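K.L.:
Below is the structure I would like to discuss, written out as structure tokens.
Nothing in this text is a laboratory measurement; each read-out follows from the coordinates by a stated rule. Just so you know, these numbers come straight off a predicted model, no measurement behind them. In this analysis, Cβ positions are derived from the backbone assuming ideal geometry, glycine residues included, and neighbour counts consider all displayed protein chains.
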Amino acid sequence: MKTNNKLRLLGAGIALCMALVLLNSCLNNDDDFFDSQAQFQADLRLIDDYLDERGIVHLQDDVTQIRYVVQNPGDGMQQFVFADSLTLSYEARVLETGVVFESASNEKVRTLSLLVAIRAASALIREGGSVTAYIPSAYGFANQGSDEVPPNAVLQVDLQLDQVHDQTLEAQMQVIKDTLVNRGDTIGLELHPTGIYFIQEEGGSGRFPRYNENVTVNFEGRLLGSSNAFDQADGASFFVTNGNATVAGLIPGWVVMLRDMRVGEQRTIYLPSTYAYGENGRSPSIPSNANLEFDIELISINN
């Protein structure tokens, strides 16, 4: 992925976690209505004021709205869907007081056991990278707080990502690589930091699609190694989002790839099952744990 402030998140899971945190915040107070959206905007204003007052140049994730400063982008894997576990070092503190409430030093931790704020920060960089993230309270303890964190506290996470551990994804990547090598289909083959192999068949121009924008594409999808299409269309329109109940979602691999393409670009992408339909498959044409390949042409970004 290009080194800019494009999509760097944990896929549908981060949006779901945020929704659950916000929903719980609204439901846990029977007497007073808690306006989670107003609090979220107030948190962003506090963060922006903090950064502006100190002259801190930063990036902004356009999905989570997290502000962050990359010290080192890293050069290894970058998680998009949840990895099994992560080896990382971090300090999580309350932004306004500087109180450190959680830390780790080169520890291997199950990804889903981490606070959402820490998972979100880890998704901003690749293996070997380090980042400081300024995170709204919705990704932390919301209006409930904790023993050491006041209600509605904005957080700062200083994090170094040492290694991403995902045995299933790594095994799928190896199957895809072996398949392509065996059929001599490796000319121009590239590996995306998230673990998706692809070949750019034709370059494009202009800007990249933003998250939740509508795009028009031509595509054909096949099981890895098959010549028979299970799905294809010309002029199909999609929103570049996944895990969103209000619009038709895409599989994670499409979200990753489309966010990395320019109008007119054509790619053949090879998706590990992790980035496609996973254990469930899609009846009747896509079996469980099937790796897939797609030819995709980005025709337009529809404003």
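K.L.:
Amide H neighbours of Asn143 under 5 Å, counting only residues 5+ apart in sequence or on other chains, H built in-plane at 1.01 Å?
P.N.:
Distant-sequence amide H within range of Asn143: Asn152.
K.L.:
Multiply the residue separation of Gln144 and Arg282 by 0.36 nm, subtract the distance between their alpha-carbon atoms, and state the gained length in nm to one decimal.
P.N.:
Difference between extended and current length: 45.7 nm.
K.L.:
Can you list residues whose amide H is under 5 Å from Val263's amide H, if they're 5+ apart or on another chain and H is modeled 1.01 Å from N?
P.N.:
Result for Val263 returns Ser205, Arg207.
K.L.:
Could I ask something else about it? Find the centroid of the Cα atoms in the range 106-127 and in the range 52-67, then give the distance between the two in whole Å.
P.N.:
19
K.L.:
Quick one: grab the alpha carbon gyration tensor of the range 208-277, order the square roots of its eigenvalues as a ≥ b ≥ c, and give me rounded if a/c is under 1.5, else prolate or oblate depending on whether a/b is larger than b/c.
P.N.:
It comes out prolate by the Cα gyration axes.
K.L.:
Please list, in chain and number order, the residues 5+ apart from Gln71 or on another chain whose amide H is under 5 Å from its amide H, with Hs placed from the backbone.
P.N.:
For Gln71, the qualifying residues are Ser130, Val131, Thr132.
K.L.:
Sticking with this one: What base-10 log of the normalised intensity I(q)/I(0) is obtained for the range 48-186 from the Debye formula, alpha carbons as equal point scatterers, at q = 0.12 Å⁻¹?
P.N.:
Each listed q maps to, in turn, -0.52.
K.L.:
Another one. Just to check I understand the Karplus step: with θ = phi - 60° and J = 6.51 cos²θ - 1.76 cosθ + 1.60, what whole-Hz values come out for the range 206-218, glycine and proline as x?
P.N.:
x, 8, 8, x, 8, 4, 6, 7, 8, 10, 10, 9, 9
K.L.:
P(r) of the range 187-226 in 10 Å steps, Cα pairs, percent per bin?
P.N.:
17, 45, 35, 3
K.L.:
May I pose another question? Looking at the chain, identify the longest residue range that excludes and avoids all trypsin sites (Lys or Arg not before Pro) in DSSP loops having at most 10 other Cβ atoms within 10 Å.
P.N.:
The longest uninterrupted stretch comes out as 55-182.
K.L.:
With a 10 Å cut-off between alpha carbons and a GNM built on the chain, which of Val70, Val99, Val154 moves the most?
P.N.:
Highest fluctuation of the listed residues: Val99.
K.L.:
Mean Kyte-Doolittle of at least 0.0 and a Cα length of 18 Å or more along the axis: which whole DSSP H helices of the chain meet both?
P.N.:
Once both thresholds are applied, what remains is 12-27.
K.L.:
Turning to a different aspect of this structure: Quick one: among Gly206, Gly145, Gly249, which has the greatest mean-square fluctuation in a GNM of the chain with alpha-carbon springs under 10 angstrom?
P.N.:
In this elastic network of the chain, the residue with the biggest mean-square fluctuation among Gly206, Gly145, Gly249 is Gly206.
K.L.:
GNM on the chain, C-alpha springs below 10 Å: top fluctuator among Ile47, Ile286, Ile187?
P.N.:
Of Ile47, Ile286, Ile187, the most mobile in the Gaussian network model is Ile187.
K.L.:
Determine the dipole magnitude for the range 48-140: charges of +1 sit on the beta-carbon of Lys and Arg, -1 on that of Asp and Glu, nothing else is charged, the reference point is the Cα centre, and the result goes in debye to the nearest 20.
P.N.:
With Lys and Arg at +1 and Asp and Glu at -1, about 300 debye.
K.L.:
Follow-up question, since we're still on this one. Quick one: net charge around Val100, please, counting Lys, Arg +1 and Asp, Glu -1 for every other residue with C-beta under 12 Å from its C-beta.
P.N.:
-3
K.L.:
Before rounding to the nearest 500, sum -39500 (n - 2.57) across all DSSP H runs of length at least 4 in the chain and divide by the residue total; then give [θ] at 222 nm in deg cm²/dmol.
P.N.:
-6500 deg cm²/dmol
K.L.:
Separate question: Post the alpha-carbon centroid distance, the range 209-234 to the range 145-166, in whole angstrom.
P.N.:
37
K.L.:
Applying the Karplus parametrisation 6.51 cos²θ - 1.76 cosθ + 1.60 with θ = phi - 60° to the phi angles of the range 124-130, what ³J(HN,Hα) value in whole Hz is obtained for each residue in order, glycine and proline being reported as x?
P.N.:
Result, ordered by residue: 7, 9, 9, 3, x, x, 9 Hz.
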